[in-house]
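K.L.:
Sharing a structure, written as structure tokens. Questions coming.
Only the coordinates and a few stated rules stand behind these numbers; no lab work does. The model shown is predicted, which means the values in this text are computed figures rather than measured ones. Don't worry about glycine lacking a Cβ; one is built from the backbone with ideal geometry, like all the others, and counts go over all protein chains shown.
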Amino acid sequence: MSDIRSLASTEVVADTNLVAPNGGALVFVADRTLIAYDRPGETAEQDDAWLDATLDFFGVTHLPPPSYVVDGELAGWRCWTVPIGRRAP
């Protein structure tokens, strides 16, 4: 499984600053939709706390059941897609 830091060099991720400190979680926000990813069983406690704080910031209080990425850099990661009312800062 690839490390998310390899994706952090892309402009989209680097400009939004939505990569967890240890690279174990990732959040994209666009068009009032939040898409969150994490590595099940491999996410550091600090990254879990970061993801919780990021979800709280955007007003997400409940996540639907996750889907799982099957191909590419994030294969094996969990994914949630949630509509939100708050735009990215």
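K.L.:
Could you sort 66-75, 50-59, 22-31 so that the peptide with the highest average Cβ count within 10 Å comes first and the rest follow in order?
P.N.:
Highest to lowest by the protection proxy: 22-31, 50-59, 66-75.
K.L.:
So how much slack lies between Ala75 and Thr61, counting 0.36 nm per residue of separation and subtracting their Cα-Cα distance, in nm?
P.N.:
2.5 nm
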